[in-house]
1. Select from segment 286-311 the residues that are part of a loop (DSSP other than H, G, I, E, B) and open to solvent by less than 10 Å² (accessible area, probe 1.4 Å) and list them in ascending order.
2. Mind listing whichever residues of segment 142-196 are out of contact with any Asp or Glu (no Cβ under 8 Å at 6 or more places or on another chain), of a type in the set (Val, Ile, Thr) and either modelled with pLDDT under 85 or buried (at least 18 other Cβ atoms within 10 Å of the Cβ) (or both)?
3. Under 6 Å between Cβ atoms, which residue pairs at least 6 apart in sequence (or on different chains) link something in segment 241-263 that is assigned to a helix (DSSP H, G or I) and surrounded by 13 or more Cβ atoms within 10 Å (Cβ to Cβ) with a partner that is among the β-branched types (Val, Ile, Thr) and modelled with pLDDT under 90?
4. Can you find even one residue in segment 229-236 that is open to solvent by less than 30 Å² (accessible area, probe 1.4 Å) and either more than 20 Å from Asn115 (Cβ to Cβ) or touching a strand residue (DSSP E or B) at 6+ places or on another chain (Cβ under 7 Å) (or both)?
5. Please enumerate the residues belonging to segment 110-123 that are open to solvent by 50 Å² or more (accessible area, probe 1.4 Å) and not hydrophobic (A, V, I, L, M, F, W, C).
6. Can you tell me which residue among Gly63, Gly41, Gly70 is assigned to a loop (DSSP other than H, G, I, E, B) and buried (at least 16 other Cβ atoms within 10 Å of the Cβ)?
7. Find all pairs meeting these conditions: Cβ atoms under 8 angstrom apart; at least six residues apart or on different chains; first residue within segment 85-98 and within 14 Å of Gly163 (Cα to Cα); second residue assigned to a helix (DSSP H, G or I) and open to solvent by 70 Å² or more (accessible area, probe 1.4 Å).
8. Name the pairs: first residue in segment 1-19 and surrounded by 13 or more Cβ atoms within 10 Å (Cβ to Cβ), second residue of a type in the set (Val, Ile, Thr), Cβ to Cβ under 8 Å, at least 6 apart or on different chains?
Amino acid sequence: GPELDAMSDEEIRKCVMTHNVFARASPQNKIRIVKALQAEGQVSSMTGDGVNDAPALKAANMGVAMGKEGTDVAREASEMIIADDNFATIVYAVKQGRVVWDNLRKVLLVNTPINNSQGLSVLFGLLVKLPQTPISAIQILYSNFICAVTLGFVCAIEPAEDGIMELPPRRVGKRLIGRFLFLRIVLGTILLTGCVVGSAVIVEYGGRYDDWAVEEREKMMRGVAFNVLDFGAISVMLSARFAYNSSIHPRVFQGNPAAVFSIVIVAVLQVFLSYVPGLNSFVFSMRGMDGFGWGLTFASMVIVFIAMESE
């Protein structure tokens, strides 16, 4: 305490970056330590339970008060209250906070490219002069609903990744969608849109279905594009599950049972919609695919996944 009192503000700023323990610190010392850390660009947290701790609790980026033994003044000055007065709870809270932040970014990485590609596929389908849009309005609505409910939900409940507590704190003011995440969203959008429109072009102009009636060929085109979109969305979800580790690993199907369940649900529904008579042709304006159509679908799925992971 007395040694800190004798230091200037500049000396304390240097001291807090080289020392970890300060004994017998007065309330004034605590405030100076907090402000010195903040001046050095650090995120500071202060724990306390007494009235004298309140100014430092208020000044810190994260004031943490004791719930059982803490005074009312300390609790009012804090952003967080530890209900059980256990310091290990702080570590757990930090971990859960990082998980929530990561999962928000993962949900954006899944849903944004899928939603973007739904509209852009229609636009670029018209630009390449396809006779019909690659996917119909009802297909867009269905994909938007089923992908948000299943694939997006998977990333919302992802458990903590290995090594998440070894990462340094986020810098103050970091945006939810930073440059790296934005570029990944752009890449996912380009890949999904390219695969959907590309598969439609192959079906329409590739020559394999030239002897088919125009209406039947267009239904096949929409069937292939529809499945490429939703199975490609599965690839985006699998890649988005891990922010710090590679998804090209058996763990991509482990750790979160909802991931496997969602893939099964989406795949079963796609097959059901593709082959149920009346539902496929009358409601979704498509027809059941042949082996070539499924080949395009799974090839697109692999392309999206590998490209997202290679990046």
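1. Once the filter is applied, which keeps residues that are part of a loop (DSSP other than H, G, I, E, B) and open to solvent by less than 10 Å² (accessible area, probe 1.4 Å), segment 286-311 yields only Met286.
2. Val149, Thr150, Val154, Val172, Ile185, Thr189, Thr193, Val196
3. Matching pairs, first to second residue: Ser262/Thr150.
4. No, that holds for no residue.
5. Answer for segment 110-123, where residues must be open to solvent by 50 Å² or more (accessible area, probe 1.4 Å) and not hydrophobic (A, V, I, L, M, F, W, C): Asn115, Asn116.
6. Gly70
7. What qualifies is Val91/Met165; Val94/Met165; Lys95/Met165; Arg98/Met165.
8. From segment 1-19, the pairs are Leu4/Ile12; Leu4/Ile33; Ile12/Ile33; Val16/Ile33.
The values are calculated or read from the model by the stated rules, or taken from the named source; none is laboratory data. All values derive from a computational prediction rather than experimental measurement. Heads up, the Cβs are rebuilt from the backbone with ideal geometry, glycines too, and the neighbour counts pull from every protein chain shown. Ligands, DNA and RNA are excluded from the accessible area calculation, which covers all protein heavy atoms including side chains. Shrake-Rupley method; radii C 1.70, N 1.55, O 1.52, S 1.80 Å.
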